[in-house]
There are 2 protein chains.
Amino acid sequence: MSTPARREITGFSNPTVKFLRSLRDKKIRRREKKFLVEGLRLLTDARETGRVPEILVKAGARDPHPLLDELEQAVLDGGGEIIETSSDILAKITGKENPQAVAGMFAEFDTSLATLRRDAAPIWMVAQALRDPGNLGTMLRTCDAVGAGGLILIDECADPFSVEAVRASMGAVFTCQIGQASWEAFSVWLRTGTGQLVAASLRDAQDYRTAPYRAPCFIMVGNESRGLPADYEDACDLRVTMPMRGRADSLNAAIAGAVLAYEVLHALER
Amino acid sequence: MSTPARREITGFSNPTVKFLRSLRDKKIRRREKKFLVEGLRLLTDARETGRVPEILVKAGARDPHPLLDELEQAVLDGGGEIIETSSDILAKITGKENPQAVAGMFAEFDTSLATLRRDAAPIWMVAQALRDPGNLGTMLRTCDAVGAGGLILIDECADPFSVEAVRASMGAVFTCQIGQASWEAFSVWLRTGTGQLVAASLRDAQDYRTAPYRAPCFIMVGNESRGLPADYEDACDLRVTMPMRGRADSLNAAIAGAVLAYEVLHALER
């Protein structure tokens with residue numbers, strides 16, 4: 001017998017509730033390859049880019065909304081399941097005291113380098129050992145804004161499918177491509193095609209306003225505390241630097257990436 | 001009898017421990033006008049800009065460090081107090097499982113507009129109803145990087161003296177000026193001197209790359225979800241817009257501010 005397309009869950013100990021809740025744990029998310037997205041706005045962004053949740057959870061008391069109707073229809077058309085529950089249980093699942101009235105469970109996307117279409121865009125962003133999921137989501141949002149193909153995560157980074165990263169991406173997790181790879185695998189992949197690797201750097205670097213950018217341009221930023229390893233910088237085609245007029249010697253990683261990405265966008269469109 | 005300059009505290013229920021711990025609560029921080037800073041690096045940044053904690057708390061087992069010695073001397077010279085305690089108690093105070101080995105309590109700075117020296121810098125940043133302390137700290141860090149005078153917080157913003165904002169500022173909370181005011185008070189203050197108010201906007205706006213910026217330039221960004229109120233935008237001398245090549249219609253507030261600030265820096269130095 002197949003799972004019914006709609007059902008009501010009223011108990012905290014229901015196995016589906018427990019499963020959905022467990023997806024807040026990175027280790028479990030990684031094993032199950034599923035992730036949670038909260039809120040009608042993000043879920044609608046997802047639907048409009050062709051991504052529909054496998055399970056849609058909604059808190060019963062919600063007012064009717066045409067976007068919610070369309071979302072429910074899309075879930076049913078896609079063979080997914082709709083669960084009606086209480087606000088308390090939805091809060092338990094999402095771990096937020098005042099949860100949005102809907103949440104959806106998606107299958108994680110394939111993030112292997114082989115899936116990336118490098119010719120899809122003139123700009124790509126690359127983050128190395130980025131630890132903060134908010135920074136990661138913000139970088140995805142910036143990718144969308146500058147028309148970048150997406151974000152490639154090098155070495156051990158925060159999880160792009162964590163609730164924090166998805167939220168900070170403001171839907172860009174669905175519109176941008178995401179790659180995950182070791183530095184070695186990325187280096188091999190990069191050099192099998194055209195592509196200029198550019199590092200935001202302080203060492204042996206050109207002024208970021210006059211550097212000769214070429215598409216497809218891969219803009220790489222390093223870890224929040226340590227920056228890029230020296231040998232990664234050495235492997236870049238271009239090292240560029242931004243003015244630092246104050247006491248500090250670095251910018252937040254997502255800020256550095258965005259200032260550089262807007263400069264590259266301008267240079268390539270000039 | 002005055003408070004001894006050095007003492008050891010071993011109990012969680014010690015009143016000073018309880019008081020320091022209570023400063024993580026915004027309401028108490030506001031009433032007491034004190035805030036906490038964690039870590040030898042930030043505390044050293046503070047000392048180098050002439051700010052010394054009133055109370056320095058260190059976990060006993062710490063290795064000797066010349067910067068810590070200098071910090072302790074500065075605290076004693078400034079009439080402050082040094083408390084030696086356990087890692088567990090320091091963790092309790094800072095609310096972090098693996099705390100830095102030192103933390104300091106500072107008196108909050110005066111953030112009234114009257115204290116701001118507008119001629120100190122060609123760029124100022126202004127944030128309206130900014131809710132996220134991480135964004136706020138990141139904007140302070142960007143202020144430092146572009147040589148801005150500081151950050152002016154309009155209407156109800158996150159607290160610049162929260163642990164999250166101080167941490168994200170990477171010490172810029174000590175190097176940049178901070179102002180707090182209502183929109184009305186800010187508008188009056190701004191127009192009593194020279195200053196160009198520039199909004200990042202989508203409406204009736206010029207290209208941010210060619211707009212006629214003038215020093216002192218006040219760059220204003222709005223709330224993370226709602227952007228700037230329309231009448232605030234109307235009151236600006238210049239509305240500028242950045243390219244948005246994707247699906248979304250806005251950038252993260254700290255990102256928009258930084259991209260704009262680097263553009264203004266370039267334009268003013270040209």
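Key figures for this structure:
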| quantity | calculated |
| --- | --- |
| Distance cut-off 22 Å, percentage of C-alpha pairs in region A:6-107 lying past it | 22 percent |
| Of B:33/B:96; A:33/A:58; A:34/B:26, those spanning more than 32 Å from alpha-carbon to alpha-carbon | A:34/B:26 |
| Computed lengthening from residue B:86 to residue B:31, 0.36 nm per intervening residue step minus Cα-Cα distance | 17.0 nm |
| Order of B:136, B:268, B:23 - criterion: other Cβ atoms within 10 Å of each residue's Cβ, fewest first | B:268, B:23, B:136 |
| In sequence order, calculated HN-Hα J values of region B:108-117 (Karplus, 6.51, -1.76, 1.60; Hz; x Gly/Pro) | 4, 8, 5, 10, 6, 4, 4, 7, 6, 9 |
| Theoretical gain in end-to-end length, residue A:191 to residue A:269 [0.36 nm per residue, Cα-Cα removed] | 25.7 nm |
| Inter-chain Cβ neighbour average for residues A:255-263, partner chain, 10 Å | 6 |
| 3J(HN,Hα) from dihedral phi, region A:180-192, Karplus parametrisation 6.51/-1.76/1.60, rounded to Hz, x for glycine, proline | 9, 7, 6, 4, 4, 5, 5, 4, 5, 4, 4, 7, 7 |
| Theoretical FRET efficiency, 1/(1+(r/R0)^6), r = Cβ-Cβ of residue B:184 and residue A:6, R0 51 Å, to 0.05 | 0.45 |
| Among beta bridges that DSSP assigns inside region B:56-154, antiparallel share in %, nearest 5 | 25 percent |
| Ranked list, fewest to most other Cβ atoms within 10 Å of each Cβ, for B:239, A:209 | A:209, B:239 |
| Residues of type aspartates and glutamates that residue B:92 reaches as a straight line, Cα spacing below 18 Å, ignoring anything fewer than 8 places off in the same chain | B:8, B:25, B:38, B:84, B:164 |
| Dipole magnitude of the protein assembly as shown about its Cα centre (Cβ charges: Lys, Arg +1; Asp, Glu -1), debye to nearest 20 | 540 debye |
| Inter-copy separations for residue B:26, label at 7 Å along Cα-Cβ, nm, ascending | 2.7 |
| For peptides A:69-78, A:214-223, B:211-220, sequence by mean Cβ density within 10 Å, most packed first | A:214-223, B:211-220, A:69-78 |
| Those residues of region A:38-53 whose amide nitrogen sits under 13 Å from the label point placed on residue B:247, 7 Å along Cα→Cβ | A:41-53 |
| Spin-label proximity, residue B:13 to region B:66-98 - amide N less than 19 Å from point 7 Å beyond Cα toward beta carbon | B:86, B:88-90, B:92-93 |
| Within chain A, helix-based [θ] at 222 nm, where runs of 4 or more DSSP H residues each add -39,500 (n - 2.57), nearest 500 | -10500 deg cm²/dmol |
| For residue A:123, distant residues with modelled amide H under 5 Å away | A:149, A:217 |
| Residues of region A:138-155 with amide N under 18 Å of a point placed 7 Å along Cα→Cβ from residue A:237 | A:148-152 |
| Chain B - Kirkwood radius from inverse mean 1/r over Cα pairs (Å) | 19.8 Å |
| Most mobile of B:31, B:141, B:47 in a GNM of chain B (Cα contacts under 10 Å) | B:31 |
| Test item: B:140-152 mean partner chain Cβ contacts at 10 Å | 4 |
| Between region B:75-149 and region A:145-169, the alpha-carbon center distance in angstrom | 28 Å |
| Bridge type composition, region B:113-269 - antiparallel percent by DSSP, nearest 5 | 5 percent |
| Relative packing of peptides B:229-237, B:198-206 - highest average C-beta neighbours within 10 Å first | B:198-206, B:229-237 |
| Environment charge at residue B:127 (Cβ cut-off 12 Å; Lys +1, Arg +1, Asp -1, Glu -1) | -3 |
| Region A:6-107 - charge dipole about Cα centre, Lys and Arg +1 at Cβ, Asp and Glu -1, debye rounded to 20 | 780 debye |
| Antiparallel bridges, percent of DSSP beta bridges restricted to chain B (to nearest 5) | 25 percent |
| Rg(Cα) / (2.2 N^0.38 Å) computed for the protein assembly as shown, rounded to two decimals | 1.03 |
| Dipole-positive endmost among B:64, A:217, A:265 within the protein assembly as shown (Cβ charges, Cα centre) | B:64 |
| Charge dipole magnitude, Cβ of K and R +1, D and E -1 - region B:113-269, Cα centre, debye nearest 20 | 280 debye |
| For chain B: relative contact order, % (alpha-carbon pairs under 8 angstrom, 6 or more apart) | 18 percent |
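Read-outs: derived from the displayed coordinates by stated rules, not from any lab. All of these numbers come straight from a predicted model, not from anything done at the bench. With ideal geometry, Cβ positions are generated from the backbone for all residues, glycine too; neighbour counts draw on all protein chains shown.
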